[in-house]
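Below: the structure, in structure tokens.
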Amino acid sequence: MAGTNRIRLRSQLIENYDRLVRQLTRRLGSSEFAYEALHETFLRLDRVTDAVLLRSPANDIFRTAINIAKDHHKAQNHHANTSEVDVLQGISDEWPDPARVVEARSEVDALKRALAELPARPRDVLHSVAIDGLSPYDVAVRLGVSVRTIESDLKLALRHCADYLDHPLVRRLGGPRPRS
């Protein structure tokens, strides 16, 4: 008898519809998803063949509905809606182009060479103030020298690096900018 599995599955779906909705609602967390999954399951019953006799049509219906719900969930997570696409198109590419990367690496290498040419104390002072964020007073206490000596070493180091890199040295009133 052709279509035996389809007939058995449809009758199981009709007979157990309310119970399946309750089970799927508990499993999926939404009665709306449960109804949608069962509706899609009903539509797919036309594809069932009689190649293999079904042993448990109710369980097969439930498993099919769960798989359909999972597929829908995956599809929703992979597709961006129109407003999300608009937002993504408005984001600029902040990555530097390859030429800027090479230029920046070259500048970093030049700065390393400039720092290597400095005497030890001015190099240490520049690192302590610019990198570690210490105040000239704290560096002076650590090194056992006056704040004026630290300020002189810092000016020497900054001037040397600016000259080495062929950058203008910008003088600001009030000392270095506070770190944020």
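Only the coordinates and a few stated rules stand behind these numbers; no lab work does. All values derive from a computational prediction rather than experimental measurement. Because the Cβ atoms are built from the backbone with ideal geometry, glycine has one as well, and the counts that use them run over all protein chains shown.
For THR4, THR64, THR149, THR49, the sequence from fewest to most other C-beta atoms within 10 Å is THR49, THR4, THR149, THR64. Within segment 134-158, what residues put their amide N at less than 20 Å from the label point 7 Å along the Cα-to-Cβ vector of GLU107? Only 157-158 pass the distance filter. Counting Lys and Arg as +1 and Asp and Glu as -1 over every other residue whose Cβ lies under 12 Å from the Cβ of PHE62, the net charge comes to +4.
The stretch between ARG121 and TYR35, if pulled fully straight at 0.36 nm per residue, gains 23.4 nm over its current Cα-Cα span. Projecting the Cα atoms of VAL52, PHE33, ALA69 onto the charge dipole of segment 4-81 (Cβ charges, centred on the Cα centre) puts VAL52 farthest toward the positive pole.
If one computes P(r) from the Cα atoms of segment 98-165, what percent of pairs lie at distances over 17 Å? More than 17 Å apart: 44 percent of the Cα pairs in segment 98-165.
Take the eigenvalues of the Cα gyration tensor for segment 4-81, scale each by 5, and report the square roots as semi-axes in whole Å, largest first. Semi-axes, largest first: 23, 15, 9 Å. A full extension of the chain between LYS155 and HIS73 corresponds to an added length of 23.3 nm, given 0.36 nm per residue minus the alpha carbon distance.
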